[in-house]
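Asks: Following this message is one structure expressed as structure tokens.
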Amino acid sequence: MTAHNLSFALPPMAQIGEQYLVILAAVALLFPCSILSYIVVTPYWRLSRVLTGDWHIDIVKLHEKYGNLVRISPNEVALNTPSAVQTIYGHTGQPWVKGEWYQAWWQPAMNHPFFAETNPAIHRDLRRRVSKAYSMSYILQMEHFIDPLVDDIRSKLTALSGQSVDMSQWTQYFAFDAVGELAFGKAFGFIENQCDFNGLLESVYVYMTSTASFGFMPSKLILENGNLFGGLIPFEKIVREKLTLSGEPDRSDLLRHFQSAKNADGTPMSPQDVFGESMNVVGAGADTTAISVRAILRYVCSNPRVLQKLQAEINNASATGALSDLPNFAEGNALPYFQAVIKEALRVFPAVGYQLPRVVPSGGTEIEGKFLPANATVSVNGWALHRNKSIFGEDADEFRPERWLEGYTKLMESCYASFGFGSRTCIGKNMALMEINKVEPPSLLL
Ligand code: HEM
């Protein structure tokens, strides 16, 4: 199927900025070689929206206005129903291949980070060689490594009491330092120094946002994997330093695991791949956790009813000895309202706001009564899915933790997108939940 008749097979282009597109199309006809004609037939409209940082809000509005099936770029359709989730990301059969956007994350001279590996067989082998390191039993063996960080952040914030504190920064300090402890045996030092003292936070931010945005450009590989703005250079340098400095040889952190992990053919992982996995942990595991810790604080603190109920549960658990001064994962996990709060905050504010694009396999497919041809990109967005009233109820827009305790349904669970779906679900979920369960109770009692 050609790109031309694809445009007939797919639904109309979201009528996004209809007049805008009509004007552009007219300009394109009049001046076929102009830059504007290029924009009409390329994904630049979407890129422009992603660059504003508000894509997660745009996509919710687009689905509200145009329904559960919206064309968002020349070759991509966004879907917003349970059956689309099942068809695109479901466990049955061969997994659908990740879309072209992920190529922006490919790295020269080593295996692609498995997050971005589009070949299902290669992905399976890359994921398998490190999956044990992320298992809950392995993560729980490491949880005491972050106790000193929780203690430190609590005493620093207590010392600042009465002053205005920017929790968006402190949650970044915590999540990045936790990755330092769990992956490399030593925190990066953000909590200690109370600032982005070595520039890692800025560097990761620049690298992640530029790569994620320029993943929508046809020339993404030429852009040196998002390094156009230089974000990758300090990021790589700091992780390389961590690998060489990493201290105690007997400490069972993620790095030790990567160093002893084996490829599918039984050979050890190359130093370059160990480095790649280490970059992965920092890139995928710190910012996402910080956003989630922050989302929980934000929704609880701006909702007095929930705050009161949660504090009562935490206080009661502390008083009865069910929650230690420095909580452990198992204790937090046993508090039902606290768990509902975490789940609900990550529902209304999923850390990943982009689409999770996949490619329609050969032969095409029918979703929601529409035929989508092979090679079209299809995607679901967590922000939109989590606000779908037919799944989460009429109050889907509201932060209401009780929905997970009283009105829980399997449908809600199967459409919970915060950690992704199917064979590409988040490998770091256990690590993130362990951190969240340890840091939130002390933060909420400050
Ligand atoms: C609350 C924190 C986190 C959230 C909300 C989150 C969210 C997600 C989501 C939505 C995906 C699916 C991406 C896709 O399909 O394109 C994903 C995948 C992934 N996450 Fe996380 N993540 C979190 C923490 C972590 C941590 C701590 C790590 C590692 C240390 C991590 C590593 C990964 C990796 C490697 C993948 C790719 C999995 C694959 O393709 O097989 N994440 N995450």
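Asks: Looking only at the range 394-437, which residues are part of a loop (DSSP other than H, G, I, E, B), more than 9 Å from the ligand (Cβ to nearest atom) and surrounded by 15 or more Cβ atoms within 10 Å (Cβ to Cβ)?
Replies: A396, F399, R400, C415, Y416
Asks: Any idea which of E236, E241, E277 is among the acidic types (D, E), at pLDDT 90 or above and part of a helix (DSSP H, G or I)?
Replies: E277
Asks: For residues in the range 106-126 being more than 15 Å from M279 (Cα to Cα) and assigned to a helix (DSSP H, G or I), which is nearest to the ligand (Cβ to nearest atom)?
Replies: H123
Asks: How many residues does the range 370-379 hold that are among the aromatic types (F, W, Y) and either within 16 Å of the ligand (Cβ to nearest atom) or touching an Asp or Glu at 6+ places or on another chain (Cβ under 7 Å) (or both)?
Replies: Residues that pass the stated criteria total 0.
Asks: If K370 passes every condition in (1) closer than 22 Å to A432 by Cα; (2) basic (K, R); (3) not assigned by TED's automatic domain parsing to the domain that holds I153 but one, which one does it miss?
Replies: K370 satisfies every listed condition except (1).
Asks: Inspect the range 85-105 for any residue being away from the ligand (no atom under 11 Å from the Cβ), under 24 Å from A290 (Cα atoms), touching a residue at least 24 places away in the same chain (Cβ under 8 Å) and not assigned by TED's automatic domain parsing to the domain that holds L232 and give the result as yes or no.
Replies: Scanning the range 85-105 turns up at least one residue that is away from the ligand (no atom under 11 Å from the Cβ), under 24 Å from A290 (Cα atoms), touching a residue at least 24 places away in the same chain (Cβ under 8 Å) and not assigned by TED's automatic domain parsing to the domain that holds L232.
Asks: Next question, about the same structure. Within the range 338-353, is even one residue within 16 Å of the ligand (Cβ to nearest atom), among the polar types (S, T, N, Q) and not assigned by TED's automatic domain parsing to the domain that holds A78?
Replies: Yes, that holds for at least one residue.
Asks: With respect to I59, determine if the residue is of a type outside the set (G, A, S) and crowded, with 21+ Cβ neighbours inside 10 Å.
Replies: Spelling it out, I59 is indeed of a type outside the set (G, A, S) and crowded, with 21+ Cβ neighbours inside 10 Å.
Asks: Exactly one condition in (1) at pLDDT 95 or above; (2) surrounded by fewer than 20 Cβ atoms within 10 Å (Cβ to Cβ) is false for G162; which is it?
Replies: So the condition that G162 fails would be (1).
Asks: Now for a separate question. Out of E331, E368, which single residue is surrounded by fewer than 18 Cβ atoms within 10 Å (Cβ to Cβ) and either among the aliphatic types (A, V, I, L, M) or out of contact with any His (no Cβ under 8 Å at 6 or more places or on another chain) (or both)?
Replies: None of the others qualify; the one that does is E368.
Asks: With the requirement that a residue be of a type in the set (G, A, S) and outside any helix (DSSP H, G or I), what does the range 134-191 give you?
Replies: Within the range 134-191, S135, S161, G162, S164, G185, A187, G189 meet the criteria.
Asks: Okay, next question. State all residues of the range 380-393 that are within 16 Å of the ligand (Cβ to nearest atom) and in a helix (DSSP H, G or I); if no residue qualifies, say none.
Replies: G382, W383, A384, L385
Asks: Answer yes or no: is there a residue in the range 42-61 that is assigned to a loop (DSSP other than H, G, I, E, B), under 28 Å from T365 (Cα atoms) and in contact (Cβ under 8 Å) with a residue 40 or more places away in the chain.
Replies: yes
Asks: Follow-up. In the range 336-353, which residues are within 21 Å of S302 (Cα to Cα) and not in a helix (DSSP H, G or I)?
Replies: If the condition is that a residue be within 21 Å of S302 (Cα to Cα) and not in a helix (DSSP H, G or I), then F349, P350, A351 are the ones that fit.
The values are calculated or read from the model by the stated rules, or taken from the named source; none is laboratory data. Remember, predicted model here, so these are calculated numbers, not experimental data. Glycine also receives a Cβ, built like all others from the backbone with ideal geometry; neighbour counts cover every protein chain displayed.
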